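Here's the structure, in structure tokens; my notes come after.
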């Protein structure tokens with residue numbers, strides 16, 4: 001039987017990377033932006049012009065290189081793509097619960 005570890009739900013946390021929650025949030029926002037651009041059938045250059053960013057920044061966004069993009073910047077881009085943003089705060093899930101696999 002193979003050994004494995006259940007994911008925490010955050011690959012960045014599982015890999016031990018710094019600021020895993022921020023990285024996951026940015027990845028989810030970038031995915032949504034890229035999906036909206038693809039749905040509109042925009043080229044990278046068209047998307048950069050539409051969003052008011054440099055093409056090189058659009059390339060970074062497309063390729064998931066998000067270290068130079070803030071969450072605020074990603075929110076702004078979503079707004080330009082006619083998206084409404086809601087922020088919810090709720091208690092964390094009980095991390096003490098375990099799941100047993102037979």
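Values in this text are rule-based calculations from the coordinates and carry no lab data. As the structure is a prediction and not an experimental result, all values here were calculated from the model. With ideal geometry, Cβ positions are generated from the backbone for all residues, glycine too; neighbour counts draw on all protein chains shown.
Miscellaneous remarks
- Filtered residue count, the range 15-24, keeping only those that are loosely packed, with under 15 Cβ neighbours inside 10 Å and more than 16 Å from residue 93 (Cβ to Cβ): 6
- Filter result (surrounded by 11 or more Cβ atoms within 10 Å (Cβ to Cβ) and within 24 Å of residue 74 (Cα to Cα)) within the range 1-13: 10, 11, 12, 13
Quick grid of which residues meet (1) loosely packed, with under 13 Cβ neighbours inside 10 Å; (2) over 11 Å from the mean Cα position of the chain (by Cα):
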site	(1), (2)
29	no, no
34	no, no
38	yes, yes
51	no, yes
68	yes, yes
78	no, yes
